[in-house]
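**Q** Quick one: the structure is below, questions incoming.
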Amino acid sequence: MKILLIGANGEIGQILKPAFTKNHEIISAGRNSGDFRIDVSDSDSIEKIFKEIKDIDACICVAGDCYTGDLLSLDEEKLNIGIKNKLLGQVNLVLIGQKYLNDNGSFTLTSGKMADKPVKNNISKAIVNGGINSFVLATSLELERGIRINAISPGKVSDIPVSDLVAAYLKSIETTINGEIIKVNY
Ligand SMILES: NC(=O)c1ccc[n+]([C@@H]2O[C@H](COP(=O)([O-])OP(=O)(O)OC[C@H]3O[C@@H](n4cnc5c(N)ncnc54)[C@H](OP(=O)(O)O)[C@@H]3O)[C@@H](O)[C@H]2O)c1
């Protein structure tokens, strides 16, 4: 499978890339690193990468900044960091990428445990992750040409066995599941 891995140089990306390389062709992308540059908060940048890289079977996104801080410190500007990057970035990846992905391809987005088991100082992540999960549930009903979409919702990655994290992403790309939120280490 030809897989576009966005955020390949991050904590999760660096776990997935070597694990996937055994059986798949991995094209890495990031804001400042990887085979291709992309800024998911910029629609033009998303469109450009899908035009440049042909015949993508799976698009995995493990990228997207989000503000961490308590309720009193939160304001619209800080909330917008996560909304623009992690939420709308991944949403736009699908809105644009659906036109380019191969038939029967798949999108795998990354949300996180703060959506449904928040701890203090993570209101922004709770909002953003919840939005991603809802987007996946609703969008899975409408994608065409056999294209699927799922979200991986991990707990703190440093506490997760590597094999569990890899298995969750592999389940999304290698099986036929669609519209699932795969929770890892809750
Ligand atoms: N780590 C965890 O414990 C954990 C738990 C649950 C959920 N998550 C979520 O999983 C995702 C990845 O987490 P992580 O810890 O692996 O993140 P990370 O270590 O900060 O790495 C994120 C990677 O994404 C790239 N990136 C950031 N913003 C981007 C943008 N606007 N456009 C394109 N690429 C961008 C960066 O690329 P460059 O290096 O090239 O700048 C970086 O390599 C995040 O959305 C995070 O909220 C993480």
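**Q** Kindly list, by first and then second residue, each pair from a residue in the range 1-18 that is closer than 17 Å to S106 by Cβ and more than 6 Å from the ligand (Cβ to nearest atom) to a residue that is of a type in the set (S, T, Y) and assigned to a helix (DSSP H, G or I), limited to pairs with Cβ atoms under 6 Å and residues at least 6 apart or on different chains.
**A** L16/Y169
**Q** Step by step: first the residues of the range 57-91, then only those that are away from the ligand (no atom under 16 Å from the Cβ) and of a type in the set (A, V, I, L, M, F, W, C), then the one that is nearest to the chain's Cα centre (by Cα). Which residue is that?
**A** Here the answer is A58.
**Q** Among the numbered criteria (1) away from the ligand (no atom under 12 Å from the Cβ); (2) surrounded by 16 or more Cβ atoms within 10 Å (Cβ to Cβ); (3) over 13 Å from the mean Cα position of the chain (by Cα), which one does S106 miss?
**A** For S106, the exception is condition (3).
**Q** Please specify each residue of the range 164-186 satisfying the condition of being exposed (fewer than 13 other Cβ atoms within 10 Å of the Cβ), within 16 Å of the ligand (Cβ to nearest atom) and modelled with pLDDT of 95 or more.
**A** Answer for the range 164-186, where residues must be exposed (fewer than 13 other Cβ atoms within 10 Å of the Cβ), within 16 Å of the ligand (Cβ to nearest atom) and modelled with pLDDT of 95 or more: just D164.
**Q** I've got another one for you. Which of the residues spanning the range 44-99 are in contact (Cβ under 8 Å) with a residue 60 or more places away in the chain, farther than 25 Å from I147 by Cβ and in a strand (DSSP E or B)?
**A** Scanning the range 44-99 gives no hits.
**Q** How many of the residues in the range 159-175 are within 10 Å of I149 (Cα to Cα) and among the polar types (S, T, N, Q)?
**A** 1
**Q** Now a separate question. Report whether or not D39 is outside any helix (DSSP H, G or I), near the ligand (Cβ under 10 Å from one of its atoms) and either free of Cβ contacts under 8 Å to residues at least 40 places away in the same chain or out of contact with any Leu (no Cβ under 6 Å at 6 or more places or on another chain) (or both).
**A** yes
**Q** Please go through the range 122-160 and give me each residue that is more than 30 Å from D70 (Cβ to Cβ), surrounded by fewer than 18 Cβ atoms within 10 Å (Cβ to Cβ) and touching a residue at least 12 places away in the same chain (Cβ under 8 Å), ordered by number.
**A** Within the range 122-160, L141, E144, R145, G146 meet the criteria.
The values are calculated or read from the model by the stated rules, or taken from the named source; none is laboratory data. Please read all numbers here as calculations on a predicted model, not as lab measurements. Cβ coordinates were reconstructed from backbone atoms using ideal geometry, including for glycine residues, and neighbour counts include every protein chain displayed.
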